[in-house]
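Visitor: The structure is given below, and queries will be raised subsequently.
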Amino acid sequence: MLDFYQNNAVYLFKLLFKFLNIFIFILYYVVDVAFCGEIQVKSDKVDSVFLDSVFIGATRLQQTDYRFPGKISRLNHNDIDFLQSQTTADLLGHTGELLIQKSQLSGGSPMIRGFATNRVLITVDDIRMNTAIFRSGNLQNIISLDALSTQDVSVLFGPGSVVYGSDAIGGVMNFHTLAPYFGESNASLAKGSVLTRWSSANQEKTGHIDLRLGWQKWASVTSITVTDFDDLKMGKHGGQPSYLRPVYVVRENEQDMVVQNEDPYKQVSTGYQQLNLLQKIFYKPTGSWTFQYAFHYSLSSDNSRYDRLIRYRNGLPRSAEWYYGPQEWLMNHLAVVHENPSALYDRIKINAAYQYFKESRHDRDLNQVNKIHNTEKVHAYSLNVDFYKSLGDKNSLNYGLESIFDRVRSFGSVEDVIRGQENIGPSRYPDGSFWASQAVFLTHQFQPSEHFVLQSGLRYNFFSIRGQLDNTFYPFPFSKISVNDDAVTGSVGFVYLPGSYWQTRFNISTGFRAPNIDDIGKVFESTPGAVVVPNPELSAEYATNLELGVSKHFGSRLEAEITGYYTYLDQAMVRRPFILNGQTEIEYNGELSAVEAIQNAAYADVYGISAEIKWQLPLNLYLNSRFTYQHGKEEMDDATRAPLRHIGPSWFGNSRLSYQYKEFRADLNVIYNGSVPYNDLAPTEREKDYMYAVDANGDPFSPAWTTWNIQTSYQFSKIFTIHFAVENLTDQMYRTYSSGIVSAGRNIVLALRVSF
């Protein structure tokens, strides 16, 4: 861990210097007013400025949950604090209604209703995190978010393109981070907490501090989290011998050495470190105006891509090295909110943000001298203006404007590890390319009575792509990428409330995904022996979703809900064989590889049912159970149909039995996933046999698995809270679907929070 901070000393010094100035100011003020007896520490009766907390967190619209015709899943701050998830990907997995894929310990790619990666949208405080290089392969960007600085999470299932635009096909994950509180008119506020956590399966060591200060017109929140993970240990029961890590590669005396793993249950080279910083400052000069500034920063260490390290060739590991460089994310976010009835709006919120992303890939085959480096940087600018207007008692409008601009920098090089020489190599993307999107949208809500709500929406989106290809390394028949296209999406749905115990929801919505730089301008190895090349002829893909949901309250103690859906994806962007300059094969990284490209060449459909039961039992017991069934296929290049890559097991879910008495809470939690037999694996997954178990016929498949988990917390006083958990009680050896890394074995978690 020390090497990580030494190697990134410049970054950390600059950032910590800024935070030091902030803390000096805070300390000065706290000490000054404390001696004057003017500051009070309070835990209630504060003016929260988490402005959208009473509204749906999965959209930017101003409306309450029961009026929304789509399905939403939530995790509130109490849930997040109790679960003590290591990462935000693990946190999402606790919803029991989506799947998480992991290529490495630092991974976490959410799959929602058969869609993932660039077909689902991540937002942070209503700012989109998806960029122009989000790929169809598994993504780890969600790991940049800090679970300990997350206030709540909402997942909107199904297309959300009317409000959020491109990529919101399978769903939208909206993370709201910690927000400050204003103090009262005659008193200031200061509160915070310090947390330390340890986990046994990967020897996690986490330290966290957050501090909230509030005055009548000013408020701030500061959060710092530092985490260190060692190599992850898998379970010892069930599973298959192929899951073990028998050997790994080390480099000694300028030679690659394949050495025996002393503990084959330990997944060597999976550990990493991460730093997360958050600073928010709110200013409320009057009752109608609020100004918000937020600074987010995340930096990881190098982290090995574990699924590439377990591939073998001729009985030996194929790769000597395959790792991601430090993943860096920075966001500056300015929001202005004005609430005052006028002819155009009752409430307006302006979000302006700048984000910086940096990621890199580094790989070298066993006993090869050339090491390939690829580095990408994205500068992402966004502006959103959202209006809300009430038109009497029955009608309301939400409408807005959006402008997005992403600039992509991409660099490639080849290093001779013997001579120490590094030469320019092919970049992954056209350097200096950009992706831009401009949009307007309008939603209308009509509520003729307290029993019926009708909502409709429409969005027009124009997008453009520009890029200059470098023909130095590959003989492209074109040198420029130029795309101008548009998309129109809409939605209509209703909520029917015949009485206080019934609710029926119906919704038809369309979504789209515009091609991005990754789709059009990328050159990369998709699988061994296949290389993807640019295709400037791409256009948007579209999804149409139908959804029906019914919920019923049986008295005040039991609630049941069931939702069915069907999604059809047309003009899907898929990887297909391609001809480049009349050739079906080209040389890539010294190997003759089949040429492929992303093309609008298929359709896909997904359908499923999700159900949930909430039951308040006697003796302070509470039962919550969620179950999902899903099925999806896509068209292949020979017109046959095959399972979708990200559909996962046909059924999965979790059940949680909770007990709470005063300051003590305990949960018995069971998580279960069905199997994915060989015939239900997508063709691209069948090629990755090194990640899967082997059935009786010698074919790869993903076995079913179940884990039992216990979580507890006890608040000794207003100051001290202890969390204790035992995850995977039976020490099962299992891989989640499509994952390269084997999940943790029996894991003991111990955390202590000190609040002040």
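The values are calculated or read from the model by the stated rules, or taken from the named source; none is laboratory data. Since this is a predicted model, take the numbers as computed values, not measurements. Backbone-built Cβ (ideal geometry, glycine too); neighbour counts: all protein chains shown. Remember, those area values only see protein heavy atoms, side chains included, never the ligands or the DNA or RNA. Shrake-Rupley method; radii C 1.70, N 1.55, O 1.52, S 1.80 Å.
Visitor: No solvent, one uniform scatterer per C-alpha: report log10 I(q)/I(0) for segment 591-636 via the Debye equation at q = 0.19 1/Å, two decimals.
Guide: -0.79
Visitor: Can you pull the one-decimal nm distance between simple spin-label points at Leu397 and Gln660, each 7 Å off the Cα toward Cβ?
Guide: Going by the 7 Å Cα→Cβ label model, 4.2 nm.
Visitor: I've got another one for you. Counting other Cβ atoms within 10 Å, keep those with at most 12, restrict to DSSP loop, and tell me which chymotrypsin sites (Phe, Trp or Tyr not before Pro) in segment 465-543 are left. Mind showing how you got there, number by number?
Guide: On the way: sites: Phe473, Phe478, Phe494, Tyr496, Tyr501, Trp502, Phe506, Phe512, Phe524, Tyr542; in loops: Phe473, Phe478, Tyr501.
Hits after loop and neighbour filter: Phe478.
Visitor: Let me ask another. Using Cα pairs under 8 angstrom and six or more residues apart, how large is the relative contact order of the chain, in percent? Spell out each step's value before the answer.
Guide: On the way: 2116 pairs, mean separation 84.5, N = 756.
After rounding, I find 11 percent.
Visitor: Follow-up. Give the lysines whose C-alpha is closer than 25 Å to that of Lys191, dropping any in the same chain fewer than 8 places away, or say none.
Guide: Candidates past the 8-residue exclusion: Lys18, Lys42, Lys45, Lys205, Lys217, Lys280, Lys284, Lys662, Lys718.
Visitor: Just the Cα atoms of segment 147-300, one point each, no solvent: what log10 I(q)/I(0) does Debye give at q = 0.12, 0.13, 0.16 Å⁻¹?
Guide: The Debye formula, applied to the Cα set alone, gives -0.81, -0.88, -1.04.
Visitor: Express the C-alpha Rg of segment 633-691 as a ratio against the empirical globular expectation 2.2 N^0.38 Å, rounded to two decimals.
Guide: On the way: Rg = 18.7 Å, N = 59, 2.2 N^0.38 = 10.4 Å.
So the Cα radius of gyration is 1.81 times the expected 2.2 N^0.38 Å.
Visitor: May I have the pair-distance distribution P(r) for the chain, computed from all Cα-Cα distances with 20 Å bins from 0 and rounded to whole percent?
Guide: Per 20 Å bin, starting at zero, the Cα-Cα P(r) for the chain comes out as 16, 51, 30, 3, 0 percent.
Visitor: Moving on to the next point. Give the separation of the Cα centroids, segment 348-401 to segment 160-180, in Å.
Guide: Comparing the Cα centres of segment 348-401 and segment 160-180, I get a distance of 11 Å.
Visitor: Rounded to the nearest 0.05, what FRET efficiency is calculated for Gln616 and Glu591 with R0 set to 56 Å and r the Cβ-Cβ distance? Mind dumping the intermediate values first?
Guide: Details: r = 61 Å, r/R0 = 1.09.
It comes out at approximately 0.35.
Visitor: Still on this model: Using all alpha carbons of segment 397-445, what is the percent of pairwise distances in each 10 Å bin, ordered from the shortest bin to the longest?
Guide: 20, 25, 20, 15, 11, 7, 2
Visitor: Under a straight-distance cross-link criterion of Cα-Cα below 20 Å, which lysines are reachable from Lys614, leaving out those fewer than 8 residues away in the same chain?
Guide: Counting by Cα, and skipping residues close in sequence, Lys614 has these lysines nearby: Lys71, Lys552.
Visitor: Can you give me the C-alpha center-to-center distance between segment 242-293 and segment 704-756, rounded to a whole angstrom?
Guide: Cα centroid of segment 242-293 versus Cα centroid of segment 704-756: 19 Å apart.
Visitor: Sticking with this structure for a sec: Which length gain, in nm to one decimal place, applies between Leu623 and Leu334 when the Cα-Cα distance is subtracted from 0.36 nm times their residue separation? Don't jump to the answer; show the numbers that get you there.
Guide: Numbers: separation 289, 0.36 × 289 = 104.04 nm, distance 4.10 nm.
Length gained between Leu623 and Leu334: 99.9 nm.
Visitor: Now for a different question. I need the trypsin sites (Lys or Arg not before Pro) found in segment 500-576, filtered to DSSP loop residues with at most 16 other beta carbons within 10 Å of theirs. Write down the numbers at each step before the final one.
Guide: Details: sites: Arg505, Arg513, Lys522, Lys552, Arg557, Arg575; in loops: Lys522, Arg557.
Of the trypsin sites (Lys or Arg not before Pro), the ones in loops of segment 500-576 whose Cβ has at most 16 other Cβ atoms within 10 Å are Arg557.
Visitor: At 4 °C and a viscosity of 1.567 mPa s, what translational diffusion coefficient does Stokes-Einstein give for segment 71-211, taking Rh as the Kirkwood radius over Cα pairs? Give it in µm²/s as a whole number.
Guide: Values: Rh = 16.2 Å.
It diffuses with D of about 80 µm²/s by this estimate.
Visitor: If the only charges are +1 at each Lys and Arg Cβ and -1 at each Asp and Glu Cβ, what is the size of the charge dipole of the chain around the Cα centre, to the nearest 20 debye? Working shown, then result.
Guide: Details: 67 positive and 78 negative charges, 303 e Å.
Roughly 1460 debye for the chain.
Visitor: Which whole-Hz couplings ³J(HN,Hα) result when phi for each residue of segment 649-656 is put into the Karplus expression 6.51 cos²θ - 1.76 cosθ + 1.60, θ = phi - 60°, listed in order with x for Gly and Pro?
Guide: The phi angles translate into x, 5, 9, 6, x, 8, 9, 10 Hz.
Visitor: Then there is this: In the neighborhood of Lys205, defined by Cβ-to-Cβ distances under 13 Å, what is the net charge if each Lys or Arg adds +1 and each Asp or Glu adds -1?
Guide: Local net charge: -2.
Visitor: For Ala343 and His451, what is the calculated FRET efficiency with R₀ set at 22 Å and r taken between the beta-carbons, to the nearest 0.05? Walk me through the numbers on the way to the answer.
Guide: Details: r = 31 Å, r/R0 = 1.40.
The calculated FRET efficiency here is 0.10.
Visitor: Could you check how much of the accessible area of segment 295-388 is carbon and sulfur, as a whole percent, using a 1.4 Å probe?
Guide: Values: 1810 of 3390 Å².
Whole-percent figure for carbon plus sulfur exposure: 53.
Visitor: Restricting the calculation to Cα positions, tell me the Rg (one decimal) and the Dmax (whole number) of segment 462-515 in Å.
Guide: Cα only, segment 462-515: 22.5, 69 Å (Rg, Dmax).
Visitor: Rolling a 1.4 angstrom probe over the protein heavy atoms, how many square angstrom per residue are accessible across the chain? Could you put the intermediate results ahead of the total?
Guide: Working: 30870 Å² over 756 residues.
Value for the chain: 41 Å² per residue.
Visitor: Across segment 144-151, in residue order, what do the Karplus-derived ³J(HN,Hα) couplings come to in whole Hz, using 6.51 cos²θ - 1.76 cosθ + 1.60 with θ = phi - 60° and x for Gly and Pro?
Guide: 5, 7, 9, 5, 6, 10, 9, 7
Visitor: Using the alpha-carbon centroid of each, what span in Å lies between segment 82-98 and segment 122-147?
Guide: Cα centres, segment 82-98 to segment 122-147: 16 Å.
Visitor: Then there is this: Can you give the net charge of the other residues whose Cβ lies under 15 Å from the Cβ of Asn545, counting K and R as +1 and D and E as -1? Intermediate values should be presented prior to the final figure.
Guide: Numbers: positive: Lys71, Arg113, Arg119, Arg459, Arg505, Arg513; negative: Asp167, Glu541, Glu547, Asp570, Asp605.
After counting each charged neighbour, the total is +1.
Visitor: Going by amide H atoms built from the backbone, whose H comes under 5 Å of the H on Arg641, apart from near neighbours?
Guide: Met636
Visitor: Still on this structure, I have one more. By a straight-distance test (C-alpha under 28 Å), which lysines pair with Lys522 as possible cross-link partners, with residues fewer than eight away in the same chain excluded?
Guide: Of all the lysines, those that pass the test against Lys522 - Cα under 28 Å, at least 8 places apart if same chain - are Lys102, Lys358, Lys371, Lys377, Lys480, Lys633, Lys688.
Visitor: Only loop residues by DSSP count here, and only those with at most 15 other Cβ atoms within 10 Å; note down the trypsin sites (Lys or Arg not before Pro) in segment 359-462 that meet that.
Guide: Working: sites: Arg361, Arg364, Lys371, Lys377, Lys389, Lys394, Arg407, Arg409, Arg419, Arg428, Arg459; in loops: Lys394, Arg419, Arg428.
Answer by residue number: Lys394, Arg419.
Visitor: At 7 Å along Cα-to-Cβ for each site, give me the label-to-label distance between Arg686 and Tyr568 in nm.
Guide: Each label point lies 7 Å from its Cα, and together they span 2.7 nm.
Visitor: Next up: What FRET efficiency do you get for His379 and Leu442 if R0 is 30 Å and r is their Cβ-Cβ distance, rounded to the nearest 0.05?
Guide: 0.50
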